[in-house]
1. For the range A:191-210: of the residues being more than 8 Å from chain B (Cβ to nearest Cβ) and more than 20 Å from A:Gln144 (Cα to Cα), which is surrounded by the fewest Cβ atoms within 10 Å (Cβ to Cβ)?
2. Scan (1) part of a loop (DSSP other than H, G, I, E, B); (2) at the interface with chain B (Cβ under 10 Å from one of its Cβ atoms) for the single condition A:Ser137 breaks and write down its number.
3. Could you list, in sequence order, the residues of the range A:160-174 that are more than 10 Å from every other protein chain (Cβ to nearest Cβ) and open to solvent by 30 Å² or more (accessible area, probe 1.4 Å)?
4. Of all residues being at pLDDT 75 or above and open to solvent by 80 Å² or more (accessible area, probe 1.4 Å) in the range A:119-136, which is nearest to the chain's Cα centre (by Cα)? Just the residue, please.
5. Checking A:Pro157 against (1) surrounded by fewer than 22 Cβ atoms within 10 Å (Cβ to Cβ); (2) within 16 Å of the chain's Cα centre (by Cα), which single condition isn't satisfied?
6. Please go through the range B:54-90 and give me each residue that is assigned to a helix (DSSP H, G or I), open to solvent by 50 Å² or more (accessible area, probe 1.4 Å) and within 9 Å of another protein chain (Cβ to nearest Cβ), ordered by number.
7. What number of residues within the range A:131-167 are of a type outside the set (A, V, I, L, M, F, W, C) and touching a residue at least 24 places away in the same chain (Cβ under 8 Å)?
8. Does the range A:105-112 include one or more residues that are outside any helix (DSSP H, G or I) and touching a Phe, Trp or Tyr at 6+ places or on another chain (Cβ under 9 Å)?
Amino acid sequence: MSERPGGLTTGAMDEREPSGRSDEHEDLLAHGNALLRYALPRVRDRCTAEDLVQDTLVVAVAKRSEFAGESSMRTWLVGILRHKILDHYRWQQRHPGDQPDGDATRPADDSDPWFTSLGDWRTDPNVGLEVLDADPSQTLERSQLRAALRFCIEHLPAGLHRVFVLRELEDLEPDAACEAAGIARDSLAVFLYRARQALRACMQKKWVES
Amino acid sequence: MHAEEVGGVVRPAAAPDPQGKMRRLPLFHRCVMGFVGLFDRWLQMSCRSFTRLASVRHERPLRGPERLRHTLHWAICRFCRLQERRMAQLRILAHEIGSGLDDDGRAELSAEAVERIRRAMAQAAGRAGGGASAGGSERDPG
């Protein structure tokens, strides 16, 4: 309580100080675009991604003294951003009503758009996916593929998206991914199966149409 | 959008193949699967169950009977065989995105966002400095 007056005066001093201090933070801000690129496929919209980058950099300023210099600054910042993203997922779980597709902690109905009732493929599941055979050293083709997959990932439904990101992009162990996504261990396989099939169909459509 | 979302499941859009490229499986394959598939059905196996098992396989090793059913279907269905390989390739691609190899210059913070972040950082710096000095002055009298 007695700190308040002190806080107020330093707050007033800040009005004059930022010009002198801003240079100090430019090196942090230089990583902003890289952080945004890290966050974008992991959260589904750009505004949230920008907010998370801002939170990260603000925390980085406050904790600057804790940065030991053992790792590169980029790695340190990405570590903070990663925690922010997990926090964001936790927030999403607590507010399922805010998302367009409602309760995302349970897999939806059991019907399958890709198979007949006997369980055979409706259409050839591999048409258009020959592009995946692209030589990894062909960087241009490879980055096109990545851009397409990123688009498809960003358009997954919220529940599938969260599980897929935690398991495949963040590369968490199955148990840790379930905990972070707030789903039962048993339904993990169903979620991932759906997400992978959705991504496959999406990638396929992209190449068949173009 | 290439697909519509219904109750959390992505369904193919109503007109999936404008150029007729998304064809059904070849007749020959369907006939062969009709005969060989009897054995398959007896094992309660189908392309759908295979795909599910193939997905589970990324999470944990398959158990005995699962592995047997997986292998048998793998042996007789070339579409599922190829499909499994494509899924592994997609997985590698996803890992590349996740590990930050994906450094195309597409995404950049807007100028407005940069300005906003710069202000927030300056404020945070002020708060951190203020907190430290306030803490110091508090401790002195104590």
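1. Among those that are more than 8 Å from chain B (Cβ to nearest Cβ) and more than 20 Å from A:Gln144 (Cα to Cα), it is A:Ala195.
2. (2)
3. A:Leu172
4. Result: A:Glu130.
5. Result: A:Pro157 passes all but (1).
6. B:Leu82, B:Arg85
7. So the count comes out to 8.
8. yes
The values are calculated or read from the model by the stated rules, or taken from the named source; none is laboratory data. Quantities reported herein were computed from a predicted structural model and do not represent experimental measurements. Note that we place each Cβ from the backbone using ideal geometry, even for glycine, and neighbour counts take in every protein chain shown. We work out accessible area using only protein heavy atoms, side chains counted, and drop any ligands, DNA or RNA first. Shrake-Rupley method; radii C 1.70, N 1.55, O 1.52, S 1.80 Å.
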